[in-house]
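Peer 1: I have a structure here, written as structure tokens, and I will follow up with some questions on it.
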Amino acid sequence: MASISAILPLCLGLFLLSQVSTAQFSFGESSRGFRGEQARQCRFEHLAALEATEQQRSEAGFTEYYNTDARNEFGCAGVNVRRWVVESKGLVLPTYAGAHKLVYIVQGRGVLGWHFQAARKHSSRSFFLAGRKAQQHYSYQAEQQSSNQNVFAGFNPEVLAEALGVSRQTAIRLQGLNDQRGAIIRVEHGLQALQPSFQREPTREEEQGQVYVPTQEQQQNGLDEISCSFKLRKNINKPQSTDIFNPRGGRITRANSQNFPILNIIQMSATRTVLQNNALLTPHWTVNAHTVMYVTAGQGRIQVVDHRGRSVFDGELHQDQILLIPQNFAVLVKARREGFAWVSFKTNHNAIDSQIAGKASILRALPVDVVANAYRLSREESRSLKFNRADEMAVFAPRQEQQSYADQ
């Protein structure tokens, strides 16, 4: 039995961390397109980068909320975002929620375990099983404001005591009516927890950059037993696990249902992108998912273009900002001098990016004459357009380091 110094519970379970900052992205069901009135309301005419606007302090950490309800695009995509910072010996009280969650660990280390049960809803209302939540102010949490107690608080203490087989005094303590510690409490002497002896203790580098999936308990066809055998965490920050690498540009690492099967159940995926100074991410669009970018380091310029060819976002993003990019909107990213790193959370378990330039791109696949006639270019210009980035895929080195096709 090992002594755990800090515990971060998540979704009816325990998410064990010490001095940890996490970015937790809670998604509803993946988008399957919009029709009728919903399509008219979800035009995505202007996008905006968001920063955390509300911080709720607890005894051993704090929770930051992004006011996603103020932006039409987040509601249309069915996405909610929050960030936890848990101090040493901090314990986030157990909750369950009405939405699937995909969690990215920015820094810190610990042990993880959970039990999660949720209905299939677009809302991401959280239900506390212990303590009481701090009062919140923004309208996007209005549903949660009506009661800031845990779920035990609504029961009659006598009936609750009988149901749980405890004394009335214990039942009243479970209700936590006078508990002012907030959602993250401090456990001064640590906790005792059993850990499997066959598991190697992860290194600090391995703990950072991991994606965790709090799974929904399945009730049909024995799927609950199958899901118990799934791997529930994957490190997408390890250079050794990179899917695409450019020594002068950066790297991309993906977690999808192909290499992380549990994502097939929750219908989400994640991509870690690290660009070196002044490098670019090829112009592209995601065919089958909305994307939420969460910046973890550096600064970069993002340009987003809609289906009518209009710029809906052209600006700088920096650490801890988020930006939602709608499905099929074209995106171009350029890192600034200090480099640029982010995590993309996508509302499809096997999100597909269609690249416009580079080795595996649309332009590369089109015949020279098609490109020439489509864009009124000479054959020489068309060949230059097709092959200037022919040796690079997705991540491009800065232009001054790139030799043109004509010079080869």
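Peer 1: Mean separation of Cα pairs under 8 Å and 6+ residues apart, divided by the residue count of segment 303-383: what relative contact order is that in percent? Walk me through the numbers on the way to the answer.
Peer 2: Numbers: 50 pairs, mean separation 13.8, N = 81.
This gives 17 percent for segment 303-383.
Peer 1: A further question follows. Assuming 0.36 nm per residue, please report the length gained on full extension of the stretch ASN264 to LYS231 beyond their Cα-Cα distance.
Peer 2: Working: separation 33, 0.36 × 33 = 11.88 nm, distance 1.20 nm.
Gain in length upon complete extension: 10.7 nm.
Peer 1: Loop only per DSSP, at most 14 neighbouring Cβ atoms within 10 Å: give me the trypsin sites (Lys or Arg not before Pro) in segment 53-93, ordered by residue number. Present the calculation step by step, with values, prior to reporting the outcome.
Peer 2: Values: sites: ARG57, ARG71, ARG82, ARG83, LYS89; in loops: ARG71, LYS89.
Of the trypsin sites (Lys or Arg not before Pro), not one in the loops of segment 53-93 has a Cβ with at most 14 other Cβ atoms within 10 Å.
Peer 1: To continue, here is another question. Would you mind computing the Rg to Rh ratio of segment 312-364 from its alpha-carbon coordinates, Kirkwood style for Rh? Intermediate values should be presented prior to the final figure.
Peer 2: Working: Rg = 12.9 Å, Rh = 13.4 Å.
Radius of gyration over Kirkwood radius for segment 312-364 works out to 0.96.
Peer 1: Quick one: dipole size for segment 270-325, taken about the Cα centre, charges +1 on Lys/Arg Cβ and -1 on Asp/Glu Cβ, in debye to the nearest 20.
Peer 2: Details: 4 positive and 4 negative charges, 29 e Å.
With only Lys, Arg, Asp and Glu charged at Cβ, the dipole is about 140 debye.
Peer 1: Run through every distinct alpha carbon pair of segment 269-380 and return the Kirkwood hydrodynamic radius in angstroms, one decimal place.
Peer 2: Details: mean 1/r = 0.0671 Å⁻¹.
Over segment 269-380, the inverse of the mean reciprocal pair distance is 14.9 Å.
Peer 1: I've got another one for you. Could you tell me the distance between the Cα centroids of segment 51-85 and segment 356-402, to the nearest Å?
Peer 2: 40 Å
Peer 1: For a bin width of 10 Å, list the pair-distance distribution of segment 327-407 built from all Cα-Cα distances, rounded to whole %.
Peer 2: 15, 39, 33, 13, 0
Values quoted throughout were computed directly from the atomic coordinates according to the rules given, and no laboratory measurement underlies them. Just so we're clear, the structure is a prediction, and the values are computed from it rather than from any experiment. When we count neighbours, we look across all protein chains shown, and the Cβ atoms used for this are built from the backbone with ideal geometry, even at glycine.
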